[in-house]
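Undergrad: I'd like to ask some things about the structure below.
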Amino acid sequence: MRAYDFDTPIERRGTDCFKWDALPGMYGREDLLPMWVADMDFRSPDFVMEAIRRRCDHPVLGYTMPSAGYREAVRAWLERHYEIHTTEESLHFIPGIVAGISYALLALTQPGEKVLVTTPVYPPFLNVPKGCGREVVCSPLKIADGRFAIDFDDFERKAEGCKVFIMSNPHNPAGTLWGKETLARIAEICERKGIVVISDEIHADLTLPGRKHVSYSTVSEIAAHHSVTFMAPSKTFNIAGLGSSVCYIGDEALRKRFYGWLDALGVANGNIFAFTAAEAAFSQGEEWRRQMLDYLHMNVQTLDKFLREQMPLVKAVLPEASYLAWLDFSAYGIPHKELAERFVNRARVVMNDGTTFGGDAYKGCFRLNVGCPRKMLEEGLARLADALDM
Ligand SMILES: Cc1ncc(COP(=O)(O)O)c(C=O)c1O
């Protein structure tokens, strides 16, 4: 069996890659190690690249449509991994999940209506509703036993009057897996309060070995009834630049409200390379994914060991899925602004600033991306530790 290589560094600079090429413009330096934007510094799989190359051998790139092969590959993947029993009508292509969230908010809510999120959270969950003219209501997560947990008293109180709950499942940051019990409790509250749940499951396929992702719509009939689920091969197979996501809605009435809107936006026919890549990834990607997850798992263990030995004051929430860790440096007693400055200018490492995940409550926190060759991770961690030396 082929062993895939995740160790060899790939030079991404000069490819208009956001993670690396945006940094000189942002910080005025060329020597920064990017451990922020959520893609991986691994080669996209060769079976995906070959499928795209093969498609390029044909000289016409005219309008396209989701092929039977693409649709079948998506359906088989969702059935096999998450027991989501799709029908042809229940699925809809979307170019990206952030776009999908804004389309859903525009279709399912009115201006000024309230949208619930649990913080800290992926910043577009805060910015997209605001940009759509909706009000964002934040229910802060607790940290218990080194993982995020929903504060259900607060959640239930804040849910009152909200029309939509946008959930990251697994949760970004830190890839917390919301287990069946938690999801069922969310479903019960949201059903009672008439809330539609948007379950963003973009990180689901990156669930680390030994753990299990539960897809929201599968926990109960009521969850299936009031939910919109987003999935994508983009994070899993490192093809985020292609925009190839998919929406699943089990409930016919909800589907009518949302898919009619999607068709009106003219996004259904998609992008040739998105379909080609997604079909290849979902139909040929199991072994690559398995090996990549083993590698990521080792990276998370490397991070854990390093933090314990070299940065013991950091309070970490480590990923259960995906490659994003939430690190709280508050115990070092260094003001947030100075921490941020030290990480960029001393460590020359870029992480995501915690305050962008929900405001000043997350001062002292940063999100670290460990989806990279292990040597790069070790180098980044060593530099961060040096920057914390007084
Ligand atoms: C939870 C979550 N949703 C959505 C996205 C982005 O999705 P897309 O590129 O399909 O818009 C990300 C990327 O980091 C994410 O973490």
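Nothing in this text is a laboratory measurement; each read-out follows from the coordinates by a stated rule. Only a predicted model underlies this, so the values are computations on that prediction, with no experimental measurement involved. Positions of Cβ are backbone-derived with ideal geometry, glycine not excepted, and every protein chain shown enters the neighbour counts.
Undergrad: Dipole of the chain (Lys/Arg Cβ +1, Asp/Glu Cβ -1, origin at the Cα centre): which of I150, Y4, S67 lies farthest to the positive side?
TA: So the residue furthest toward the plus end is I150.
Undergrad: Taking amide hydrogens as modeled 1.01 Å from N in the peptide plane, which residues meet the under 5 Å criterion relative to L33, leaving out close sequence neighbours?
TA: V349, V350
Undergrad: With both bridge residues required to lie in the stretch 31-161, what share of the DSSP beta bridges run antiparallel, to the nearest 5%?
TA: 35 percent
Undergrad: What whole-number distance in Å separates the alpha-carbon centres of the stretch 209-238 and the stretch 332-390?
TA: 30 Å
Undergrad: Contact order normalised by length for the chain, with contacts defined as Cα pairs under 8 Å and 6 or more residues apart; what percent is it?
TA: The value is 23 percent.
Undergrad: Can I ask one more? Using the Karplus curve 6.51 cos²θ - 1.76 cosθ + 1.60 with θ = phi - 60°, work out ³J(HN,Hα) for each residue of the stretch 212-223 in order, rounded to whole Hz, and write x for Gly and Pro.
TA: 9, 8, 10, 7, 3, 5, 8, 7, 6, 5, 5, 4
Undergrad: So what is the 222 nm mean residue ellipticity for the chain from helices alone, if each DSSP H run of at least 4 adds -39500 (n - 2.57) and you divide by all residues, rounding to the nearest 500 deg cm²/dmol?
TA: Using -39500 (n - 2.57) per qualifying helix, the result is -12000 deg cm²/dmol.
Undergrad: Relative contact order, percent, of the stretch 51-283 when contacts are C-alpha pairs under 8 Å separated by at least 6 residues?
TA: 28 percent
Undergrad: Also: Where both partners of a DSSP beta bridge lie in the chain, what percent of those bridges are antiparallel, to the nearest 5?
TA: For the chain, the DSSP antiparallel bridge percentage is about 50.
Undergrad: Got a sec to turn the phi values of the stretch 2-10 into Karplus ³J(HN,Hα) couplings, 6.51 cos²θ - 1.76 cosθ + 1.60 with θ = phi - 60°, whole Hz, x for Gly and Pro?
TA: Ordered by residue, 3J(HN,Hα) equals 5, 9, 7, 9, 10, 8, 5, x, 10 Hz.
Undergrad: What list of ³J(HN,Hα) couplings, whole Hz, do you get for the stretch 331-337 from phi and the Karplus terms 6.51, -1.76, 1.60, once you set θ to phi - 60° and write x for glycine and proline?
TA: Computed from phi, the couplings for the stretch 331-337 are 5, 6, x, 9, x, 3, 4 Hz.
Undergrad: Taking amide hydrogens as modeled 1.01 Å from N in the peptide plane, which residues meet the under 5 Å criterion relative to I94, leaving out close sequence neighbours?
TA: Long-range HN contacts for I94: S245, V246, C247.
Undergrad: Please arrange V37, V246 by how many other C-beta atoms lie within 10 Å of their C-beta, fewest to most.
TA: Ordered by Cβ neighbours within 10 Å, fewest first: V37, V246.
Undergrad: I've got another one for you. Would you calculate the separation in nanometres between label points at L313 and F152, each defined as 7 Å from the Cα along the Cα-to-beta-carbon direction?
TA: The two pseudo-label positions are separated by 3.7 nm.
Undergrad: DSSP loop chymotrypsin sites (Phe, Trp or Tyr not before Pro) in the stretch 25-74 with at most 15 other Cβ atoms within 10 Å of their Cβ, which ones?
TA: Loop-located and lightly packed - Y63.
Undergrad: Once you've got the Cα coordinates, tell me which of K142/K163; K130/K193; K130/K163; K315/K337; K235/K256 are over 26 Å apart.
TA: Too far apart for the 26 Å limit: K235/K256.
Undergrad: Given H placed 1.01 Å from N in the peptide plane, which residues other than close sequence neighbours of E113 have an amide H under 5 Å from its amide H?
TA: E135
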